[in-house]
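Participant: First the structure, which I've put down as structure tokens, then a few questions once you've had a look.
Taken together, the values in this text are just the output of simple stated rules run on the coordinates, not laboratory data. As the structure is a prediction and not an experimental result, all values here were calculated from the model. Because the Cβ atoms are built from the backbone with ideal geometry, glycine has one as well, and the counts that use them run over all protein chains shown.
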Amino acid sequence: MSETDWERVKRNYDSDAPIPYDPEDGPYDPNDPVATQRWMDESIGQGPVQRANGTGTIKIDIADSVLDYFGAQGDDWRERINEVLKAHVEAQTKEKPELAKAS
């Protein structure tokens with residue numbers, strides 16, 4: 001059973017009162033419209049943005065160690081990560097053609 005006081009949640013929602021916030025609660029103040037919009041943009045996103053040249057833009061989390069490795073090799077680190085991913089996909093689809101996306 002939930003321990004959430006739903007009646008209190010509804011009262012707070014209906015009152016338009018500021019949400020109680022302590023910096024130890026999380027990384028952003030839910031009463032700050034700029035921070036809230038940034039969190040929404042980063043959390044929800046719009047999915048991949050497809051381009052006519054066959055590329056797309058997404059937001060993913062990559063381990064710091066991976067970023068450090070590629071970043072230390074030069075400014076074209078994004079392209080090199082993409083090349084590694086493409087090589088992996090090619091190798092996997094040769095082994096398992098059913099993994100290839102139907103065109």
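Participant: Rounded, prolate or oblate: which fits the stretch 60-99, taking a ≥ b ≥ c as square roots of the Cα gyration tensor eigenvalues, rounded meaning a/c under 1.5, else prolate when a/b beats b/c?
Facilitator: prolate
Participant: Now, a different point. What residues qualify as long-range amide H neighbours of TYR28, i.e. H under 5 Å apart, gap of 5 or more or another chain, H built at 1.01 Å from N?
Facilitator: Amide H neighbours of TYR28, under 5 Å, 5+ apart: none.
Participant: Below 8 Å, C-alpha to C-alpha, sequence gap of six or more: please give me the relative contact order for the chain in percent.
Facilitator: After rounding, I find 8 percent.
Participant: Related question: Students often get this wrong, so try it: which of [x] 42, 20, 15; [y] 20, 16, 14; [z] 23, 17, 10 is semi-axes √(5λ) of the Cα gyration tensor in Å as calculated from the structure shown?
Facilitator: It is the value labelled [x].
Participant: Which peptide among 25-34, 91-100 comes first, and what is the full order, when sorted by highest mean count of other Cβ atoms within 10 Å?
Facilitator: The most tightly packed comes first, giving 25-34, 91-100.
Participant: So for the chain, taking the charge dipole from beta-carbon charges (+1 Lys/Arg, -1 Asp/Glu), which of VAL66, ALA100, PRO18 sits furthest toward the positive end?
Facilitator: ALA100
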